[in-house]
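Notes for the one structure printed next.
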Amino acid sequence: NAFLWDRLEIKPETSILMLITLVFGGGITVDLMRRKLATFKALEIVQKRREAQLHNKHSMVVRKKNQASHAMAEATRRLLDNLSAGVVTLTRDGNILNSNRTFYRFMELTSEEDVVGRALEDFVSPDTASTLMSMRNIGL
């Protein structure tokens, strides 16, 4: 019976009910059952520690990626804000998602919030807006 028990692969997902069924069905002694249950619990603890370590590593990687992404966005923002040309990012239908400092100051506005969400045509002639949208659509 002990040989049969040792051949069983007990995994953390094995339920206690399954173990008890195996014990009583196989005529295993109570002492051996206690040792196997202790082993099972130890395996469960090890598995939980591994999962926690993996979770911590994953969280750290995600945090570092977010920090790098944020740093890149900030660097891009600083670069655009220091250009002498006005820059806007547009939606497909021509609304402004964001702008640099030069653009909103050139338009005699006080902040980017005065520009965001508005149509490009609010700031340039319809012909100019149409030309800019055409250039945008062909990737220029």
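The values are calculated or read from the model by the stated rules, or taken from the named source; none is laboratory data. Owing to the predicted nature of the structure, the values given are computational and were not obtained by experimental measurement. Reconstructed Cβ throughout: ideal geometry from the backbone, glycine too, with neighbour counts over all protein chains shown. Calculation scope for accessible area: heavy atoms of the full protein, side chains included, ligands and nucleic acids excluded. Shrake-Rupley method; radii C 1.70, N 1.55, O 1.52, S 1.80 Å.
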| field | Per-region count, the range 84-112, residues within 22 Å of Ala73 (Cβ to Cβ) and in contact with a helix residue (DSSP H, G or I) (Cβ under 9 Å, 6 or more places away or on another chain) | value | 18
| query | When the residues of the range 9-33 are filtered to those that are outside any helix (DSSP H, G or I) and among the hydrophobic types (A, V, I, L, M, F, W, C), which remaining residue is modelled with the lowest pLDDT? | reply | Ile10
| task | List every residue pair whose Cβ atoms lie under 6 Å apart, where the two residues are 6 or more positions apart in sequence or sit on different chains, the first residue falls within the range 70-90 and is under 24 Å from Ala129 (Cα atoms), and the second residue, located anywhere, is open to solvent by 50 Å² or more (accessible area, probe 1.4 Å). | result | Asp81/Arg101; Gly86/Phe106; Val87/Leu80; Thr89/Leu97; Thr89/Asn98
| field | Set Lys41, Lys57, Lys36: member being among the basic types (Lys, Arg), over 30 Å from Met107 (Cα atoms), at pLDDT below 90 and surrounded by 13 or more Cβ atoms within 10 Å (Cβ to Cβ) | value | Lys36
| said: Need pairs with beta-carbon distance below 8 Å; first residue within 15 Å of Arg136 (Cβ to Cβ) and within the range 96-122, second of a type in the set (S, T, N, Q) and outside any helix (DSSP H, G or I); sequence gap 6+ or separate chains. | reply: Ile96/Thr89; Leu97/Thr89; Leu97/Thr91; Asn98/Thr89; Ser99/Thr89; Ala119/Asn95; Leu120/Asn95
